[in-house]
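For reference, the structure discussed in these notes is given below.
Each value in this text was obtained by applying a stated rule to the coordinates, not by laboratory testing. Note that this is a predicted model, so its numbers are computed, not measured. Methodologically, a virtual Cβ is constructed for each residue, glycine included, from the backbone with ideal geometry; neighbour enumeration extends over all protein chains shown.
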Amino acid sequence: MADNTRVLLVEDEPAIVELVRYSLREAGWDIRSADTVGAAWDSITHARPDLVLLDWMLPDQSGLRLLSRLRGDRDFQDIPVIMLTAKSMEEDKIAGLDTGADDYITKPFSPRELLARSRALLRRKLPHLAEAPLRAGGVVLDPGSCTVTVDGQPIEIGHAEFKLLKFLMAHRERVFSRAQLLDKLWGDHAVIEERTVDVHVLRLRKALKSADGLIRTVRSVGYMLSEK
């Protein structure tokens, strides 16, 4: 992950702020903090972060209010957010995820787990921070510009199909079941039927046009990308 990754920690407990700062600075990330929703919003509008670590209970408003505001703002709605909270009831987790959180970590948490899950989320949501263009046959996928070309010509491709293509190109010659693809691309929290993967594969093949043969169906197992 790039050393200039910007993280905003929204937390009012000084001990946790210091713990997270220490843990994430070890990764070389730029860590900023805010102890209220108001201060967090000012920080976000001043310098857009790559990741927000958001406490549920804050002095001025609930962290869910900030999350809802982020998801409703066209300029900030795609910022990855991990909720940090002492709330462990299932309904509370569901409320956070329904509001738009990408992940959820309950206090007390392991700093190593926080770093690992932050990295995993950033790889999934912001691959341009970590990866160079991927190539397979005549297909080139550029994570930085979110573009795909086939034999040098740009193609139109949907967001879900882009994610699917990127994952398969990064793991070429490996077969993945529909359940594995759902887990890898949409996470454990996604309520999506496995047959939805078939729809995205169909759309991906259509978008790839002459290169559609790269996406192979392995009967009774799933899908893979192969140049063989």
How far apart, in nm, are two points set 7 Å out from the Cα along the Cα-to-Cβ line at Ile105 and at Thr196?
2.6
Where Rh is the Kirkwood radius over the Cα pairs of segment 6-127, the temperature 37 °C and the viscosity 0.692 mPa s, what D in µm²/s does Stokes-Einstein return?
232
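Quick one: work out the % antiparallel among DSSP beta bridges in the chain, nearest 5.
Percentage antiparallel, nearest 5: 50.
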May I ask you to evaluate 6.51 cos²θ - 1.76 cosθ + 1.60, the Karplus curve with θ = phi - 60°, for each residue of segment 139-145 and list the ³J(HN,Hα) values in order in whole Hz, giving x for glycine and proline?
9, 10, 10, 10, x, x, 9
Can you sort Asp75, Asp102 from fewest to most other Cβ atoms within 10 Å of each residue's own Cβ?
Asp75, Asp102
Average projected area of the Cα convex hull of segment 134-225, in nm²?
5.6
Over the Cα atoms of the chain the radius of gyration and the largest Cα-Cα distance (Dmax), both in Å, equal 19.2, 59
From the helices alone, meaning DSSP H stretches of at least four residues, give me the mean residue ellipticity at 222 nm for the chain, per-run term -39500 (n - 2.57), in deg cm²/dmol to the nearest 500.
-12000 deg cm²/dmol
Which distance in nm do the two modelled labels at Lys184 and Asp42 give, with both placed 7 Å along the Cα-to-Cβ direction?
4.5
